[in-house]
Amino acid sequence: MTLFIQLLLVGIISGSVYALIALGYTMVYGIIELINFAHGDIFMMGTFITITIYSAFHITDNPPFGMPIVAALVVAFLASTILCAILGVVIERIAYRPLRNAPRLAPLISAIGVSLILEDVGKLWKGLSPISPPQIFNTIYYIGPITISITDIIVVVTAAVLMIALQWMVTSTRIGRAMRAVAQDREAAALMGVNVDRIISFTFLVGAGLAGAAGFIFLLKFPTTTFTIGFELGLIAFTAAVLGGIGNLVGAMLGGLLIGLIGSLVNLIPNSSDPNVHGFGIPHGGGAWSLAIIFAILILILVFRPSGLLGQQTPEKV
Amino acid sequence: MAVPMHTSNRLFLPARDTRMLLIKWVVALIVPLAVFNFVWQGDALINNVILGFINPASAPVTDGQLVEAVIFIAIFYLTLLALAGYLVAADSGRRGVLEVWIDILIFTVVPILLIVATSNNLILGLALCGIVWPIYFILRRRIPFLSFLNPKSVPPPEGLRLIDSEQRAIMIGRARAGGFWFGTSFAVIWLFVDLIFFLSGQLPTELLVVTAIRTVLLPLGGYFLGQLGGMLAVRRTLAANGNGNGNHASEESSLRSRRQKERQILATSRASEETRAVVPNDLPLRSTGARNFFLILLVAFVVFYPVIDPFLFGSGTAGRLSGYNDAGYYVILALGLNIVVGFAGLLDLGYVAFFAIGAYAWGIVGSTQLGFISPIHIPFNALSGLFWPMLLVTALIAAGWGVLLGAPTLRLRGDYLAIVTLGFGEIVPVVFLNLDTLTNGTNGIVGVHSPAFFGVFWSQITPIPYYYLILALIGLTIFANIRLRDSRLGRAWIAMREDEIAAASSGVNLVRTKLFAFGTGAFFSGLAGAYYSAKLGGVSPETFGFGDSVIYLAMVVIGGIGSIPGVIVGALTVYSINLFILNSLDTLASDPTNFLHSFDQFIVNIVPGFTFGNIRNLVFGIILIVIMIFRPAGLIPSARRRRELTRAPEGEAALELGSLDVTTTDPGFEAEVRIE
C-alpha cells in the first residue's frame, strides 16, 4: 500500500510535467492541425537553458538558501520560458508559415526537420552524454511511511498555477477568445477582424513558453537531461494530448496526469522470474514494459472513444 | 499564347534546316559521350574488356564479368545510336540549338565533371548536382537575360495531326542520317584519339585492329539503328485520319456548365501532359519516347553495375555495393509505406514495426534460435535454402500483423490513426526487447544465415549476390506497386484517400480496402525485413525506433506522395544524405590538402568536437524544411497531384484540347484519364 501511494505521487509529479508539454502540442494542434514534432525539442532546449543559467550563477549541489539561489531560480525560470517562447515563434515563422496552404503532410515533415535540427544543436551545445543539474532542494518530509520532498510540492504547485493561468487566459481574455475563434474557423475569424497570423504566432509563443517552463520544472525533480530527452518526453506528452482529446486543453492536462500515473503504476506488475510471485507477472516486470503499456492503453481508449477522452466527436461532413 | 500560323510550315524543314538538326543533336550527344569516355574512365571499361579477350591472363576480371561488361557496352552504344536517330526524327526544330546544348551541358556534362572532381564519388557528385541544378533553375527563372533557356509551353502545332506516309518517310530518312552522322563523328573522334595514344606509345598494337573494326562498325550501326529510332519516333506521331477537330466551335459553345468546365481544365492539363508523348516534339529529350531510351540505359547501368563499378569508380567496390544494398531495402520500405500513406492516405507513423517483425521472423528461423525455443531442429545446412520459402512466409506474417494492427484503427481518422500506428511502432520493439525467451532480449539474435542459391557463394562479406537479390526484390516491389495502383483495389485506395464518404457511397468497402492497404504495405516491409536480417547476419531490438518510422515517412513525402518514381528517388536521396554524403565530407575534411579541411578547422575552433557526421540531423533537417518549402508536393509529384496543383489557365484550354485523342465531351473521356 505504501508503495502504491508512493508510486501514485511519482505519477502525479511526472504527469504534471507531461501535462505542461502536452498543452503545447494540443494548443498548436487545435489552432493549425499540425503535430508539432519540434515541441519536445523546445522542452529540451528549456532544460539546457536552465542548466546554463545555473552554472552562470555558480550554483552547486545543496546550496545554502539565500538571495543568490532565489535569484538564480527566478532568472532560470524566466530565461527558459522567454527564450523558448521566442524560439517557438521563430520556428513557426520559418518552417510552418510558408507551408500554411501546402499539402497536409508537408508541415509535418517540416516539423520533423526542425526537431532534427534542434536535437543536433543541443548535441553540439552540451555534448552527447547526459548532464546533471545541481540538486537545489533536498528537504524531505515524512507523512507516515511516505516521503515527499519539497521539490515535489514546488513542481506540482508551479505546474498547477501555470495550467490555471493558461485556462484563464484562453477562456476569459480577449486574445484567448481570438485563439478559440481561429481554432474554430480560420476564415471566419479573419473576416471578424482577427489577425490570424498574429494569433497563430501567439499560440506558438505560449505553447513553447510552457515547454520552456516545463524544462525548468523538470530539472528541479529529475536528475539528468540529454539532447534526446525532448524526443522521448515529447512522444509521451503527445500521446497524453491525444489521449485527452487533441485540441482540448483540459484533456491535455488530464491525459498528462493519466499517462504519468500509468507509467508509474505499471511498476507494481511483478517480474515473472521473481520466485516470490509464483510465475505471476511479465518478464522483466512492469517497468520495462511501461512504454508498451502506455500505448496499449491509449489504443484501447481510442478504439472505444475515437476522439480521445474529452475530444469532441466531429461529425463527418460531406 | 496563340500559335502563329507559319509554325505548320516549319514542321518539315528544308534541307538546310535538316543539316542544322543533325548538327544540333550530334553535338548534343557527342559532347557528353566524349566527356564520359575521355575525362572520366568510360574508355577504360572498353579497353580493359578488349585486353581481357586478347590476353585473358592479364585481365583484371573473370570471364563471366568480361561477358557482362561486353553486354553492357553493347547495350549502351546501341541505345545511344538509336537515340540519336530518334531525337533527330522527333525534334520539331522549334527550340534553339543553344538552349538544347546548354541543357545538355548542365544535365549530363556537369554531373560527370562533378563526379570526376570528387575523385570518382558517385553519390557526392550527384549531391553536388543537387546544389548546382536548383541554382541553374533559379538563375534561368529570375534573370531576364537567361530566360530564353526556359522551355516554353507551346501547344502542339496545328499541322500535327496531318502526318502522312510521305512525311513519315522523311522523318525516318532524317533519323537514318542522324544515327549515321552520330556514329561517324564519334568513330572519327575516337580514331583520332586512339592514333594519338598509339603514336605516343600508350596503346598496344593489338588494339589498333579493334579501332579499325570500330571505325567501320559505328557508322554502319548508326545507319540501321538510327532508322530503328526513327521508326520508334514515327510510331508516336498522330495518324492523319480520325480525331478531326471539325466540330470544335460547337464544342466551345456547349462548354457551359461548371461540370464541363472542370472537365475542360482537367483535359487541358492532360493535353499538356500528352504533348510530351507526341512527335514531332518541341522538347524531344523529355518526350516519352526518349524516356524509354533513358530507361534502357538506366536499367542496363543498374543491372551491370557490379561489373562496371571497378572501372568507373576505382577500388573499394565491395564497400560501395554493400552501401547500395542497404539503400535497396530502404527503397522497398519506402515503396511499401507509399501504399499505405500515398495510395490509401492513411498516415502511418509506426511502419518500422512490420520491418522489425519481418527481420525477427527470418532472424529466429534462420539461426539456432528456433531450436532453443521450440522442439523443431532444422538441419544446419538446410537453413540457407530455407530462406526462399521463408521470404514469402515472412512477408505474409508481416502482412498478417499489418491486418491485425490495422483493425483497431478502422474507426479512427487523421491524427488519431497516426497516433495508434505510432503506438504499435513503439510497442513492437518493446515486446521484442523484453520477450527474452523468444528473441534473446537485448542481445538480439546473432548468426543469422545468408540465403543460398545454386552454388553461388553467399556471405555477409560478398555483396554481389545480395545486390542482385535486392535488385530482384525492388523490381518485384515496383511491378507490384504499379499493378496495384492501376488495379480495382488501387483505385479504391485512391478514392478513399480523396474522400472516404464519397468512396463508401460509390460502393467501396472501406473496412476491406483499409485492411488490404495495411496488409499490403506490411507485406513489403516484411520482405525488406527478411532481407535485412539475412544481409546483416543478425537482428538487434534497438535498430527499430520511432526515428526510423519518421525517416521512412520523410522518404515518401520528399519524393512525392503516391508517385512511384518519386518515392524511389526520395528513398535514395534520404539514404544518401544520411549515410553517404556527410561521412564522405568528414573523410574529405580530414585530408589536409582539401579546401574543406581549413573550413573544418575553423568550425572546430568555435565548436569543439565538430564533425560533419555529428551534424547529420542538422543538415538533414535543413534539407527537409527547404524541400518542403520549395517543393511541398515532393521532388517528383505524382501526375494527379501535379494536375491539382498546377492547373492550366483557362484561356489556353480551347487551343490545346485538339491534341487529345478523345475530346472532353466524348463519353469515353473519363475512362481515358489515367488515375495515379
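Just one of the listed residues (B:A589, B:A528, B:A571) is in contact with a His (Cβ under 8 Å, 6 or more places away or on another chain) and within 28 Å of B:I625 (Cβ to Cβ), and it is B:A589. Only residues that are under 21 Å from the mean Cα position of the chain (by Cα) and among the small types (G, A, S): list them for segment A:65-94, please. Scanning segment A:65-94 gives A:A76, A:A79, A:S80, A:A85, A:G88. Scanning segment B:274-299 for residues that are modelled with pLDDT of 80 or more and open to solvent by less than 10 Å² (accessible area, probe 1.4 Å) yields B:P284, B:S287, B:G289, B:A290. Can you find, within segment A:230-273, the residue that is nearest to A:S290 (Cα to Cα) among those that are away from chain B (no Cβ under 14 Å) and open to solvent by less than 20 Å² (accessible area, probe 1.4 Å)? Restricting to residues being away from chain B (no Cβ under 14 Å) and open to solvent by less than 20 Å² (accessible area, probe 1.4 Å), the top hit is A:S264. Got at least one residue in segment B:589-598 being among the hydroxyl-bearing types (S, T, Y), within 24 Å of the chain's Cα centre (by Cα) and in a helix (DSSP H, G or I)? Checked against the condition, which is being among the hydroxyl-bearing types (S, T, Y), within 24 Å of the chain's Cα centre (by Cα) and in a helix (DSSP H, G or I), segment B:589-598 yields no hits at all.
Here A:L87, A:L124, A:L78, A:L83 are screened, and the one residue that is within 14 Å of another protein chain (Cβ to nearest Cβ), open to solvent by 30 Å² or more (accessible area, probe 1.4 Å) and not in a loop (DSSP other than H, G, I, E, B) is A:L124. Within segment B:413-439, the residues that satisfy the criterion of being β-branched (V, I, T), farther than 14 Å from B:V352 by Cβ and open to solvent by less than 20 Å² (accessible area, probe 1.4 Å) are B:I419, B:V420, B:T439. Within segment B:314-342, residues that are within 14 Å of another protein chain (Cβ to nearest Cβ) and assigned to a helix (DSSP H, G or I) have Cβ atoms under 7 Å from residues that are hydroxyl-bearing (S, T, Y) and open to solvent by less than 10 Å² (accessible area, probe 1.4 Å) in these pairs: B:A334/B:Y552; B:L337/B:Y351; B:L337/B:Y552, counting only partners at least 6 apart in sequence or on another chain.
Checking each residue of segment B:374-388 against the condition of being surrounded by fewer than 18 Cβ atoms within 10 Å (Cβ to Cβ), closer than 17 Å to B:G529 by Cα and not charged (D, E, K, R) gives at least one match. B:T237 - would you say it is hydroxyl-bearing (S, T, Y), in contact (Cβ under 8 Å) with a residue 12 or more places away in the chain, assigned to a loop (DSSP other than H, G, I, E, B) and in the same structural domain as B:N55 (by TED's automatic domain parsing)? For B:T237, the condition - hydroxyl-bearing (S, T, Y), in contact (Cβ under 8 Å) with a residue 12 or more places away in the chain, assigned to a loop (DSSP other than H, G, I, E, B) and in the same structural domain as B:N55 (by TED's automatic domain parsing) - is met. When B:V446, B:V539 are screened for being over 19 Å from B:I568 (Cβ atoms) and open to solvent by less than 10 Å² (accessible area, probe 1.4 Å), only B:V539 passes. Filtered by the rule that a residue be in contact (Cβ under 8 Å) with a residue 60 or more places away in the chain and facing another protein chain (nearest Cβ under 7 Å), segment A:94-114 gives A:I112, A:V114.
Does B:V619 qualify as being modelled with pLDDT of 75 or more and over 30 Å from A:S129 (Cα atoms)? Against the criterion (modelled with pLDDT of 75 or more and over 30 Å from A:S129 (Cα atoms)), B:V619 does not qualify.
The values are calculated or read from the model by the stated rules, or taken from the named source; none is laboratory data. What you see is a predicted model, and the numbers here were worked out from it, not measured in a lab. Neighbour counts run over all protein chains shown; Cβ positions are idealised from the backbone, glycine included. SASA here: full protein model, heavy atoms, side chains in, ligands and nucleic acids out. Shrake-Rupley method; radii C 1.70, N 1.55, O 1.52, S 1.80 Å.
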